[in-house]
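Asker: First, the structure itself, so that you have it in front of you.
The values are calculated or read from the model by the stated rules, or taken from the named source; none is laboratory data. Source: prediction; values computed, not measured. Backbone-built Cβ (ideal geometry, glycine too); neighbour counts: all protein chains shown. Calculation scope for accessible area: heavy atoms of the full protein, side chains included, ligands and nucleic acids excluded. Shrake-Rupley method; radii C 1.70, N 1.55, O 1.52, S 1.80 Å.
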Amino acid sequence: MDADVTESAGPPADPDDAGGDQAPTPDGSPGAEPGETRTPANAPGGETRSGSGSGPSHGAPPKGPGGPGPALDIVVKRKRHWLRWTALGASFVVLVAAGAGWWLYKKLDGNIRTDTSAAAELRAYEKERPSSVVHDAQNILLIGSDSRAGDNSKYGRDDGGSQRSDTTILLHLAANRKSATAMSLPRDLMVQIPECHKADKSISKPQFAQFNWAFEFGGTACTIRTVEKMTGIRIDHHMVIDFDGFKDMVDAVDGVEICLKKPINDSAAHLKLPTGRQKLDGEQALGYVRVRKSIGNGSDTERMDRQQQFLGALVNKVQSNGVLLNPTRLYPVLDAATKALTTDPGLDSLKDLYDLVRGMRNVPTDKVQFLTVPRQPYATNANRDELVQPDADKLFRQLRDDKPVAVVPADQLKDDGGKNTDAADASGPTPTPTYSGNNAATDLCKQ
């Protein structure tokens with residue numbers, strides 16, 4: 001007769017059982033016969049034996065403490081089955097998301113164009129270049145190209161691909177990343193341009209000429225060497241952006257708001273705007289920062305002021321509406337920006353640009369400052385500019401040594417000449433020099 005299955009482990013039911021004279025195991029079950037391995041009753045999958053039967057038990061499945069019943073077993077199996085499918089589904093979603101993220105990254109990364117020729121040219125003149133003074137401070141030259149080739153042809157005649165720098169800004173990022181100073185360099189500023197290699201392999205002679213000729217002579221490398229020669233500041237990186245790219249970036253942030261004290265109607269700039277507060281799209285923004293003769297006194301000085309004010313409003317828009325923290329809004333901005341840029345090899349990847357932006361994202365908008373290098377009408381040609389000394393050299397030295405500068409609207413400067421002064425409330429032997437300018441926190445409609 002088959003042995004009965006007990007419900008729990010314990011001593012033998014019958015002391016006279018054939019196995020009764022065997023020494024009990026530590027768990028209280030009878031010892032095994034020689035050569036036989038006995039499984040404890042409470043071991044998983046084990047059999048509890050009683051009497052002299054040697055085969056497996058054929059009684060009802062264990063219940064209660066001895067093991068789960070049939071219904072519970074089914075529930076456990078179903079739960080495990082559901083967990084397996086949930087894990088597989090989650091893994092699939094992660095893989096798809098990772099694949100999409102990688103595709104987007106490669107697409108944005110591939111948008112960026114690399115200016116390897118400028119890097120090679122700068123290496124050839126390395127001995128002439130200034131050294132970096134402050135570790136971790138960065139100086140980036142931003143160049144707006146006025147090329148009329150390709151998509152830019154509607155903004156003027158294409159004269160065979162020649163181009164000059166329409167806007168040039170030296171962006172200084174403090175080593176502690178608590179401030180950023182953007183210094184505009186007038187395109188008509190008279191400067192010493194060094195010899196530069198031209199596109200046709202010939203070499204231009206050193207000459208005293210207006211600044212934007214350097215870009216026409218030898219492209220980005222010649223412009224960088226001219227700026228370094230003038231300022232003594234080592235340029236760490238550069239970016240070139242064209243007209244179409246600028247428009248796309250403004251459209252990507254859904255326009256930028258400005259205020260006009262007078263209406264604008266300029267056919268050359270394709271711009272007609274009423275007085276007051278309004279939001280500009282990309283096409284209007286391009287006309288606004290380029291228009292010159294139909295606003296104010298028609299000078300390049302006023303145009304640079306408008307460019308600085310607009311860039312400040314653009315920075316404020318990006319920081320204030322959550323673009324940097326919202327992937328759905330950030331992607332179009334990154335796509336437009338990367339398509340518009342040509343950079344040196346040190347900034348030609350999305351990771352490089354992200355690291356740069358990440359370092360700037362915590363800079364307060366009132367510490368993102370815009371100013372123009374101190375200049376005045378050139379003595380022999382009022383249509384050109386020249387540096388005002390020693391003001392210009394003092395500004396260059398502050399940026400080179402990563403020391404602070406302050407900006408205020410021109411009408412708030414202390415001296416009658418409208419040139420830079422030292423901050424009146426600054427303490428210590430070296431007060432912070434103050435220049436005419438604005439910051440990204442400035443509301444153009446409250447000026």
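Asker: Go through LYS127/LYS367; LYS127/LYS201; LYS351/LYS394 and tell me which ones have a Cα-Cα distance over 23 Å in this structure.
Answerer: Table pairs above 23 Å Cα-Cα are LYS127/LYS367; LYS351/LYS394.
Asker: Out of every Cα-Cα pair in segment 157-295, what percent are more than 24 Å apart?
Answerer: Counting every Cα pair in segment 157-295, those more than 24 Å apart make up 45 percent.
Asker: Run a plain Debye calculation on segment 287-378 (Cα atoms as equal point scatterers, no solvent) and give log10 I(q)/I(0) at q = 0.10, 0.13, 0.16, 0.24 Å⁻¹, rounded to two decimals, same order as the q list.
Answerer: Calculated log10 I(q)/I(0) at the listed q: -0.37, -0.61, -0.87, -1.27.
Asker: Evaluate the distance, in nm, between pseudo-label points positioned 7 Å from the Cα of GLU195 and of LEU104 along their respective Cα→Cβ axes.
Answerer: Placing both labels 7 Å beyond Cα along the Cβ direction yields 5.1 nm.
Asker: Using the beta-carbon distance between GLU283 and ARG84 and R0 = 51 Å, what value does 1/(1 + (r/R0)^6) give for FRET efficiency, to the nearest 0.05?
Answerer: Efficiency, from the Cβ-Cβ distance: 0.35.
Asker: For the pair LEU330 and THR116, how long in nm is the line joining their label points, each one 7 Å along Cα→Cβ?
Answerer: 3.1 nm
Asker: Now, a different point. Dipole of segment 253-369, Cα-centred, from +1 at each Lys and Arg C-beta and -1 at each Asp and Glu C-beta, to the nearest 20 debye?
Answerer: Dipole about the Cα centre, nearest 20: 420 debye.
Asker: If you count only protein heavy atoms and use a 1.4 Å probe, how large is the accessible surface of LYS272, to the nearest 10 Å²?
Answerer: We get 150 Å² for LYS272.
Asker: Something else: If you take the charge dipole of segment 334-415 about its Cα centre, with +1 on Lys and Arg Cβ and -1 on Asp and Glu Cβ, which of GLN389, PRO404, SER349 is farthest toward its positive end?
Answerer: Working it through, the farthest residue towards the positive pole turns out to be PRO404.
Asker: Whenever you get a sec, line up TRP82, TRP213 from highest to lowest accessible area (probe 1.4 Å, protein heavy atoms).
Answerer: Greatest to least solvent exposure: TRP82, TRP213.
Asker: Could you derive backbone 3J(HN,Hα) for segment 171-182 from the dihedral phi with the Karplus parameters 6.51, -1.76 and 1.60 (θ = phi - 60°), listing whole Hz in sequence and x where the residue is Gly or Pro?
Answerer: Those phi angles translate into 9, 9, 9, 4, 4, 7, 6, 9, 7, 9, 10, 10 Hz.
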